[in-house]
Amino acid sequence: MTKNLAFNFVRRIAARLLILSLLLQSLISVRAATPRSIPDFALLDLQGRQFELHRAPGKAVVLFFTGVGCPIARKNARKLKALSDQFRTNGISFWVINTYADDSVRAAQREVMELNLRGLTYLRDPNQGVAQSLNVERTAEAVVVRLSDHKVLYQGAIDDQFTEGKERPAALTPFLETALKEFLAGQPVSVSRTASHGCRITFTTVAEAETPPDYARIAGILRDNCVTCHREGGIGPWAMSDYGQVRNMSRMIEEVILTRRMPPYGADPEVGHFANAHRLTREEIQGLLRWISAGSPRGEGPDPLEVASSTATGRESEWPMGKPDLLLKLPKAQEVPAVGVLEYRHLVIPTQLTNEIWLAGVDIRPSNRRIVHHAILYARWPGCPDDGTGNGVHVFGWAPGSTPASYPEGVGKRFPAGTEFTLEMHYTTMGSPQTDQTEVAFYLRSGPQVRNAETRNAVEYQIHIPSGDDEARHLATYAFPKAATVYSLAPHMHVRGKWMKFEILFPDGRRQLLLSVPHYDFKWQRTYRLAQPLKVPAGAWMLVTGAFDNSEGNPANPDWTRSVSFGLQSWEEMFIGFFDAADEPIG
């Protein structure tokens with residue numbers, strides 16, 4: 001009996017020592033963990049403003065993941081606010097990230113007010129790409145990112161008070177507060193990872209699968225959304241021609257998706273509906289990110305991208321809207337020198353039109369995209385109006401990222417017989433002599449239409465952008481003298497452009513936000529075609545608001561030390577809200 005007692009005692013001691021050893025090994029591994037770098041990302045807040053991690057000021061940012069209605073996230077809200085107040089003066093920012101895919105902006109705004117989270121940056125992650133890239137599976141998880149090198153210093157719970165279905169009267173160990181104090185004191189963070197106990201986040205089936213999506217599915221996503229530009233002769237900087245090319249660039253694909261740079265569609269998805277919206281679905285984004293995180297596995301079978309590439313012969317000569325009814329081009333190739341700043345060229349395109357024409361659509365295609373900054377098509381005829389440039393009527397403009405203009409049935413752009421068309425060409429040099437012979441595609445209606453579409457604009461010429469100002473706000477208006485229908489919207493600024501919005505102010509005091517572009521990109525000047533054209537009454541106004549970033553923090557800024565005013569060159573600025581509209585027919 002005594003031997004049995006002794007044996008059991010020794011066995012219990014051995015078991016406890018084994019458990020203690022495992023715990024110590026785990027703790028040592030956590031304490032000694034090397035901070036990992038995380039990719040840059042960009043998210044919109046509840047007001048439609050964009051925040052980018054790599055442009056965040058200060059020493060560190062705390063990311064706190066939440067979702068409307070999660071009880072543990074709600075109970076942590078007061079602690080989060082207190083920590084923000086405690087560390088704000090030490091250069092620590094707090095970003096609350098709502099990662100529930102189907103939470104509405106209104107529901108999130110209500111919870112912000114109810115939990116008194118005003119003053120904190122509250123961001124939306126509806127595609128769940130940020131949560132997925134950081135391996136966040138539950139709400140109420142905090143991630144501390146050091147901004148000097150974008151490494152994760154701590155990830156886990158705020159403290160040890162809450163767990164699933166249970167809670168202590170008060171926290172015993174303040175994990176997040178301790179980590180921040182150690183970081184600010186210049187010490188290593190002693191505990192860099194703890195378990196989170198918030199609500200489990202529901203991802204898509206693709207993201208939750210045990211194995212990553214196969215390459216054939218990923219290649220299909222790329223073929224349908226990316227290969228149009230990323231091909232030989234396309235405007236993409238590299239060709240998605242096969243698996244090897246995609247795998248080489250897969251981490252870059254992850255970055256441009258998370259930062260909202262690709263696909264190049266800058267509109268806030270919560271504002272308006274557009275016929276030419278170009279966005280990846282939530283499932284496509286999560287599938288791509290999961291595949292990349294798994295190491296971009298090849299899998300079996302033929303390469304769909306190689307097959308697509310082999311059948312793309314002649315694609316460079318295709319027009320997105322099909323074969324034009326009338327194809328115009330510059331009368332001769334334009335020679336562009338190797339260096340220098342070039343004046344705009346206004347070149348007449350011979351047409352010899354003997355009849356009136358109505359355009360159903362129009363497109364412009366430079367033969368050398370590398371040197372064409374923009375191309376604008378103008379029209380003049382005896383007695384025609386002028387858009388203020390002295391060039392006549394603005395027909396269509398091309399810049400990188402532009403899409404063709406098209407009009408619904410019953411609408412067209414009318415030009416009388418004898419109309420003279422000119423192209424305003426803005427060429428830029430690239431270090432070696434180049435040539436270009438830009439073409440214009442006309443798509444014609446069979447005869448007169450009920451409505452005559454016009455390209456109009458709200459423009460502000462009196463621009464003043466102080467040096468160093470990162471939020472130089474401006475506005476422009478256009479008054480509708482007659483009832484009209486609006487078909488498309490196109491923001492235009494230069495390299496300091498930051499954001500722009502289009503609104504309609506109705507005579508009865510109502511206002512409607514049509515388009516919000518939180519992060520304007522000069523390299524991708526898109527036209528946004530309304531999915532449902534908007535009728536506006538006489539006396540309504542188009543209000544265009546926006547801002548410039550003339551600070552040192554704008555990486556596209558050529559010189560933040562000088563003030564900027566209106567000008568034609570890209571180092572000067574413009575503030576124009578273009579839109580296509582047609583007056584309502586009389587009678």
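The values are calculated or read from the model by the stated rules, or taken from the named source; none is laboratory data. This is a predicted model, so every value here is computed, not measured. Note: ideal-geometry Cβ built from the backbone for every residue, glycine included; neighbour counts use all protein chains shown.
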Of those in the range 268-309 that are under 30 Å from Q532 (Cβ atoms) and buried (at least 21 other Cβ atoms within 10 Å of the Cβ), the residue nearest to the chain's Cα centre (by Cα) is D268
Find the helices (runs of 4 or more DSSP H) located wholly in the range 63-148 whose residues include 1 or more that are among the small types (G, A, S) and within 22 Å of the chain's Cα centre (by Cα), and list them.
-> 105-114, 129-133
Please work out if F506 is over 27 Å from T403 (Cβ atoms), of a type in the set (A, V, I, L, M, F, W, C) and not assigned by TED's automatic domain parsing to the domain that holds G266.
-> yes
Residues being surrounded by 15 or more Cβ atoms within 10 Å (Cβ to Cβ) and part of a strand (DSSP E or B): count how many of those fall in the range 346-366.
-> 11
Tell me which residues, restricted to the range 187-239, are small (G, A, S) and over 30 Å from P35 (Cα atoms).
-> A216, A219, G220, G233, G234, G236, A239
So A171, is it in contact with a strand residue (DSSP E or B) (Cβ under 9 Å, 6 or more places away or on another chain), more than 19 Å from M262 (Cα to Cα), assigned by TED's automatic domain parsing to the domain that holds G67 and in a helix (DSSP H, G or I) | no
Among the residues of the range 247-274, how many are part of a loop (DSSP other than H, G, I, E, B), out of contact with any Cys (no Cβ under 9 Å at 6 or more places or on another chain), among the hydrophobic types (A, V, I, L, M, F, W, C) and closer than 23 Å to T527 by Cβ?
-> 2
Considering each of L123, L63 in turn, give the residue that is in contact with an Asp or Glu (Cβ under 6 Å, 6 or more places away or on another chain) and either closer than 22 Å to A171 by Cα or surrounded by 21 or more Cβ atoms within 10 Å (Cβ to Cβ) (or both).
-> L123
Sole exception among (1) more than 31 Å from the chain's Cα centre (by Cα); (2) surrounded by fewer than 16 Cβ atoms within 10 Å (Cβ to Cβ); (3) of a type in the set (K, R); (4) within 26 Å of G322 (Cβ to Cβ) for R369, by number | (1)
The range 154-167 residues that are under 17 Å from E137 (Cα atoms), paired with ones that are β-branched (V, I, T) and in a strand (DSSP E or B) (beta carbon under 6 Å, 6 or more apart) = Y154/V144; Q155/V143
Please specify each residue of the range 48-62 satisfying the condition of being assigned to a loop (DSSP other than H, G, I, E, B) and either among the hydrophobic types (A, V, I, L, M, F, W, C) or at pLDDT below 95 (or both).
-> A56, P57
Scan Y478, Y520, Y528 and give me the residue that is surrounded by fewer than 18 Cβ atoms within 10 Å (Cβ to Cβ), at negative phi, among the aromatic types (F, W, Y) and out of contact with any Asp or Glu (no Cβ under 9 Å at 6 or more places or on another chain).
-> Y478
In the range 173-187, is there at least one residue being more than 22 Å from K81 (Cα to Cα) and within 29 Å of the chain's Cα centre (by Cα)?
-> no
Residue count, the range 379-398, condition of a type outside the set (V, I, T), outside any loop (DSSP other than H, G, I, E, B) and under 17 Å from A453 (Cβ atoms), comes to 4
